[in-house]
C-alpha cells in the first residue's frame with residue numbers, strides 16, 4: 001500500500017463529519033457517565049476509572065460496532081465508484097486495505113479523543129487510580145472497531161449498493177450484538193450438561209462483539225459477569241483466553257479484508 | 001497500441017458487447033460512435049481494466065490514461081491529493097503533475113476539492129492528470145459531455161497532444177462534428193457489435209451520402225443516421 005493512496009483515503013475519511021461527530025458525542029457521553037453515575041446518592045460525584053469503564057464498556061459494545069459496520073458498508077459500496085483510481089496502476093487490494101486503514105485511523109482518533117477527554121476529566125476530578133485499565137479499554141475498543149470496519153467493508157463490497165449495504169450492516173450488527181447471545185442461551189438449554197463448553201467458546205471467538213465484551217470485563221477482574229460464553233472460555237482455556245480473544249478479533253479483521261480485496265479484484269466497477 | 005481480440009461482455013442475461021476485434025495503432029485516433037447502449041463505454045472500460053471481459057483478450061502497450069463518463073473519484077477529493085496519488089502510482093515526480101495542472105490552467109486550484117470546481121474544470125483536472133507523463137493509450141468516454149466551448153476545445157487539444165506524443169487514442173462521443181474533426185477512423189457500434197468502420201469518406205461512401213452537404217446538415221450526422229438505420233432495419237452494413 002502506498003503512502004499516497006493512504007493519504008488520499010485519509011483525506012476522504014477526514015472530509016466527512018462522521019469522525020468529529022463521533023469524537024464529540026463519545027466525549028460528552030463518557031463525561032456524562034462519569035459525572036452522573038454516582039448522582040443517585042443525592043450529590044454529584046465523579047466516578048473513578050474502574051466504575052466509569054465498566055459503564056462505558058456496554059456503550060462501546062453497542063455503539064462502536066454499529067458505527068464501524070455502517071461506515072465500512074458505505075465506504076465498501078463506494079469502492080465501485082473509484083473508476084478513475086482503479087484505472088491507475090494500483091491493485092484493488094491496495095484500495096481496500098488503504099480504505100480500511102484510513103477509516104481505522106479516523107474513527108480510532110475520534111475514539112481516542114472522545115474517551116481521552118473524558119479520561120482527563122476523570123483523572124483531574126477523581127484521581128488516576130485504575131487509569132491503565134481505562135487505556136486497556138481503549139485498546140479493546142480499537143480492536144473491535146478495526147474488526148467491525150473490516151466486516152462492514154466486506155458487506156459493502158459484497159452488496160455493491162450503498163442502501164442495501166447499510167441495511168445488511170444493521171442486520172449484521174443485530175446478529176453480533178444480540179443474535180449470538182441468543183444462540184448461546186439456546187445451546188445451553190439444548191446441550192447436555194458439561195458438553196457446552198467447546199461450542200460456547202467457539203461461539204465467543206466467532207463473535208467479535210462478545211470477544212471484546214469478555215476482554216473488557218477481564219480488564220477489571222469481573223469475569224463473573226462475562227456471561228455463559230465467557231465462563232465457558234475461562235473453563236476451557238484458562239490464562240490463554242486473552243491471547244485467544246485478541247487473536248479472534250485480529251482474525252475478524254484480516255479474514256474479511258482478504259475476502260473483500262479478492263471480491264473487489266474480481267468484480268466489475 | 002490498443003488491441004481487442006474477440007472481446008465480448010455479458011452483464012447477467014444481456015450481452016453488452018458482441019465479439020469485437022479492434023486495433024488502434026500508436027499515434028492513431030479512433031472514435032467509437034453509436035446509439036446509447038451500443039457497447040462503447042463497455043469496450044473502453046474493458047480496455048481501462050475496470051471491467052473484466054467475459055471472453056477474448058484486451059491488450060494495451062504502455063501506460064493507460066482513462067477518463068470515464070462519471071467522475072470516478074469522490075467529489076470530496078482535494079486536487080493536490082489526487083495529483084500526488086497519480087504521481088506516485090505512475091512513478092512521476094510531483095513537479096510533473098503540478099506542471100500538468102498548471103498548463104491546464106488549474107495551478108491555483110490545487111487545494112480545492114473536486115466538488116468546488118465546475119464540471120469543465122473537473123474534466124480538465126482528470127484529463128491533465130491522466131495524460132501526464134508517458135502515455136501509451138488515451139481512453140476517453142464521452143469526454144465533451146456537458147462542456148462549454150472552451151472545455152471542448154481543451155479536450156480536442158489534449159487528444160491532439162496525446163496523438164502527437166505517439167499515444168493510441170480511442171474515444172467515444174455523441175458529438176459527431178468533434179468525431180469528424182478528430183478521428184482518423186470511426187467505428188460504428190450498434191447493439192453491441194461493430195456494424196461499420198473506416199474514415200469519414202469511406203463511411204460516407206458506404207452510406208451513399210455525399211460529403212459536400214452544408215453546415216445545417218453535417219454529412220457525418222446523415223452518414224450516422226443512414227448506417228444505424230440500415231444496421232437495424234436491413235441488417236449489418238458492410239464495413240467500408
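The values are calculated or read from the model by the stated rules, or taken from the named source; none is laboratory data. For clarity, every value in this text was computed on a predicted model and none was experimentally measured. In this analysis, Cβ positions are derived from the backbone assuming ideal geometry, glycine residues included, and neighbour counts consider all displayed protein chains.
Among the conditions (1) surrounded by fewer than 21 Cβ atoms within 10 Å (Cβ to Cβ); (2) within 28 Å of residue B:120 (Cα to Cα), residue B:18 misses just one, which is (2).
Across the stretch B:197-209, the qualifying residues are those that are buried (at least 18 other Cβ atoms within 10 Å of the Cβ) and modelled with pLDDT under 90, and the one among them that is farthest from the chain's Cα centre (by Cα) is B:209.
Looking at the stretch B:50-57, is at least one residue within 8 Å of another protein chain (Cβ to nearest Cβ), modelled with pLDDT of 90 or more and buried (at least 16 other Cβ atoms within 10 Å of the Cβ)?
For the stretch B:50-57, residues within 8 Å of another protein chain (Cβ to nearest Cβ), modelled with pLDDT of 90 or more and buried (at least 16 other Cβ atoms within 10 Å of the Cβ): present.
Residues in the stretch A:94-110 that are surrounded by fewer than 23 Cβ atoms within 10 Å (Cβ to Cβ) and either free of Cβ contacts under 8 Å to residues at least 40 places away in the same chain or more than 14 Å from chain B (Cβ to nearest Cβ) (or both): 7 in all. Inspection of the stretch A:119-141 finds a residue satisfying the criterion of being under 20 Å from the mean Cα position of the chain (by Cα), surrounded by 21 or more Cβ atoms within 10 Å (Cβ to Cβ), in a helix (DSSP H, G or I) and at pLDDT 90 or above. For residue B:56, the test of being in contact with a helix residue (DSSP H, G or I) (Cβ under 6 Å, 6 or more places away or on another chain) and within 24 Å of residue B:170 (Cα to Cα) is failed. Exactly one residue out of A:68, A:77 is away from every other protein chain (no Cβ under 14 Å) and either in a helix (DSSP H, G or I) or crowded, with 19+ Cβ neighbours inside 10 Å (or both), and it is A:68.
Evaluated against (1) more than 21 Å from residue A:66 (Cα to Cα); (2) in a helix (DSSP H, G or I); (3) modelled with pLDDT of 90 or more, residue A:250 falls short on exactly one condition, (1).
Considering the stretch B:26-38, the residues that are out of contact with any helix residue (DSSP H, G or I) (no Cβ under 7 Å at 6 or more places or on another chain) and in contact (Cβ under 8 Å) with a residue 24 or more places away in the chain include one that is nearest to the other protein chains (Cβ to nearest Cβ), namely B:37.
Could you tell me which of the residues B:23, B:46 is assigned to a strand (DSSP E or B) and either within 20 Å of the chain's Cα centre (by Cα) or within 13 Å of chain A (Cβ to nearest Cβ) (or both)?
B:23
For residue B:107, the test of being free of Cβ contacts under 8 Å to residues at least 24 places away in the same chain and in contact with a helix residue (DSSP H, G or I) (Cβ under 7 Å, 6 or more places away or on another chain) is passed. Checked against the criteria, residue B:41 counts as within 16 Å of residue B:170 (Cα to Cα) and either loosely packed, with under 15 Cβ neighbours inside 10 Å or more than 9 Å from every other protein chain (Cβ to nearest Cβ) (or both). Taken over the stretch B:58-93, the residue count meeting the criterion of being without any contact (Cβ under 8 Å) to a residue 60 or more places away in the chain, surrounded by 19 or more Cβ atoms within 10 Å (Cβ to Cβ), touching a strand residue (DSSP E or B) at 6+ places or on another chain (Cβ under 8 Å) and more than 7 Å from chain A (Cβ to nearest Cβ) is 2. The listed residues are B:99, B:104, and the only one of them that is away from chain A (no Cβ under 14 Å) and either touching a strand residue (DSSP E or B) at 6+ places or on another chain (Cβ under 6 Å) or buried (at least 19 other Cβ atoms within 10 Å of the Cβ) (or both) turns out to be B:104. If we scan the stretch B:113-120, do we find a residue that is within 13 Å of chain A (Cβ to nearest Cβ), crowded, with 16+ Cβ neighbours inside 10 Å and at negative phi? Yes - at least one qualifying residue is present in the stretch B:113-120.
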